[in-house]
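Structure first, commentary second.
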Amino acid sequence: MRVLIFALFSLAALMGGSAAAQPNTGFADLNDALSPAVVNISTANRIGEGEGIPVFPPGSPLERFNDMLGDGPRVERSLGSGFIIDAAGLVVTNDHVIDEADEVEVVLQDGTVLPAEIIGRDPATDLAVLRVDAGEPLVFVSFGDSDTLRVGEWVVAIGNPFGLGGSLTAGVVSAQGRDIGGRYDDYLQTDVAINSGNSGGPLFNMDGEVIGVNTAIFSPTGASVGISFSIPSRVAAPIVDQLIEFGEARRGWLGVRVQPVTQDMATAMGLSNARGAILTRIDPEGPAGESDLQVGDVVLAIAGRPVADDRALVRIVAETEPGAMVEVEVFRRGRALTLEVTIERLNERGDRAPIGATPRDETPEITLGDDVFGLTLEPLTAQLRRRHRVHPDAEGLVVTAVDPDSDAAGKVRVGDVVEEIAWTRVDDMDQARALAESAAEGGNPVLFSLNRQGQYVLQTLRAEAS
């Protein structure tokens, strides 16, 4: 089975200057220029007695092993990679390389070992910044612009695979914008050979600029199979700046929950293609709650940056400076609007749900019944509200059954309240049926606005399952 391995990676980088590979030298010139700025990261985690390594009592036949293992606290060590970004000794690496470490050391190319201070960490993007004091200026590298990369361009990694020290591997960018499960994922994918110990190392372009931080591989075995992922410099550079200045990342917060726009939704709403993110909940105490944004709005752009999907909205908001007033372009029931919102700072230690998060509800039992597009609908009564735990604010028709052979199966749940069909409020079955059949003329998908335990959900249904 394929597994994503966040195994200590590596890369290397150099400061400015064009040093493109030459036909007769390959990447030798790049390696000579960049390797001094690439470092090995060694971490230690002290383990007390009784925490996994035994101390054998005097007189025991196994007492001799105490000399080999050492008495008292033991130390576990792990190895990773990093790169120097400032002559004074600032070092970038992955957060998972130094996570839970009691001691961190940086090993320079010449073998010099320097104790390192952790000055900032950001687990969400898996970045960390260290500081060392070498007593003299160090060779360093600079971030480039990952947005200028194209699929197929050469890239080079220098790092510490398997603890072997400075090793160079080369390959090409094979994809961009990869999501592998994290909230802010936007990885560069390459075929550069990355292995255990390479984590935190730099990925260079042919000008010797750092355009990525090697972080993960996709592998069934834990060894490189030619698919590796790097945090692009567009994401890494501003986070590194914040870690240096504040010791932590400071992200923007909008205070909304969202869902993606499907092609059926785009067709039903009159959008040219499936893009943007639908606002399904707005925190009344958040920035969006203090603006003119409404539940059901499709956000198409923020501060001039197109919102491709719900995950793009999460990244764009997070990358927006807290306190900034931005223009938000939305599509609201057939109309394009531009609204202003002041982005606030995300409290990542608080109990607010992250942007884009959707609460997980238990799936009620599904039964058959007379339907509108596979839904059995009934006017809300006090008894039905109690039975299906309907949110107090919900108004419309409650779903009491879903035909498992209909298009609604898997989209709508028993207990959902249909509040609107084709943007029109519904109060009774005859009206709901007439609206749905009218909107479905020509085989078009029909928009159903649902209230799911207080969560706004937009779904498209067709008269027959496709």
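Please list, in chain and number order, the residues 5+ apart from GLN109 or on another chain whose amide H is under 5 Å from its amide H, with Hs placed from the backbone.
none
In the stretch 375-461, if the dipole is taken from +1 on Lys/Arg beta carbons and -1 on Asp/Glu beta carbons about the Cα centre, which of GLN459, ALA408, LEU380 is farthest to the positive end?
LEU380
Where does the stretch 146-233 land on Rg(C-alpha)/(2.2 N^0.38 Å)?
Relative to the 2.2 N^0.38 Å estimate, the stretch 146-233 comes out at 0.97.
Would you mind computing, in nm to one decimal, how far apart the modelled labels at ALA324 and THR424 are, each placed 7 Å from Cα along Cα→Cβ?
Modelled inter-label distance: 4.2 nm.
Starting from the amide H of ILE194, placed 1.01 Å from N in the peptide plane, find each other amide H under 5 Å away whose residue is 5 or more places distant or on another chain.
The list, which skips near neighbours in sequence, is GLY226.
On a full-extension model of 0.36 nm per residue, what is the gain between ARG345 and GLU117, subtracting their alpha-carbon distance, rounded to one decimal in nm?
Length gained between ARG345 and GLU117: 79.4 nm.
Using 1/(1 + (r/R0)^6) with R0 = 22 angstrom and r between the beta carbons of ASP145 and GLU248, what's the FRET efficiency to the nearest 0.05?
With R0 = 22 Å, the Cβ-Cβ based efficiency is 0.35.
Using θ = phi - 60° and the Karplus curve 6.51 cos²θ - 1.76 cosθ + 1.60, what whole-Hz ³J(HN,Hα) does each residue of the stretch 149-164 get, with Gly and Pro shown as x?
Each residue's phi maps through the Karplus curve to give 5, 10, 4, x, 6, 5, 9, 10, 10, 10, x, 10, x, 6, x, 7 Hz.
Name the residues whose placed amide hydrogens come within less than 5 Å of the amide hydrogen of ALA101, ignoring near sequence neighbours (fewer than 5 apart) on the same chain.
Long-range HN contacts for ALA101: none found.
Taking 8 Å as the Cα distance limit and 6 or more residues as the minimum spacing, I'd like the relative contact order of the stretch 252-345 as a percentage.
31
Once phi is turned into θ = phi - 60°, what whole-Hz ³J(HN,Hα) does the Karplus curve with 6.51, -1.76 and 1.60 give for every residue of the stretch 311-328, x standing for Gly and Pro?
With coefficients 6.51, -1.76 and 1.60, one gets 5, 5, 4, 4, 5, 5, 4, 4, 7, 7, 5, x, x, 6, 8, 10, 8, 10 Hz.
Once you have the Kirkwood Rh of the stretch 87-196 from its Cα pairs, apply Stokes-Einstein at 10 °C and 1.306 mPa s and quote D in µm²/s.
100
As an exercise, use a Förster radius of 56 Å and the Cβ-Cβ distance of ASP133 and ARG333 to find the FRET efficiency, rounded to the nearest 0.05.
The pair ASP133/ARG333 has a calculated efficiency of 0.40.
Laboratory data are not the source of any read-out in this text; all were calculated from the coordinates shown. Computed from a prediction, not measured in an experiment: that's the story for all the values here. Using ideal geometry, Cβ is built from the backbone for each residue, glycine included, and neighbour counts are taken over all protein chains shown.
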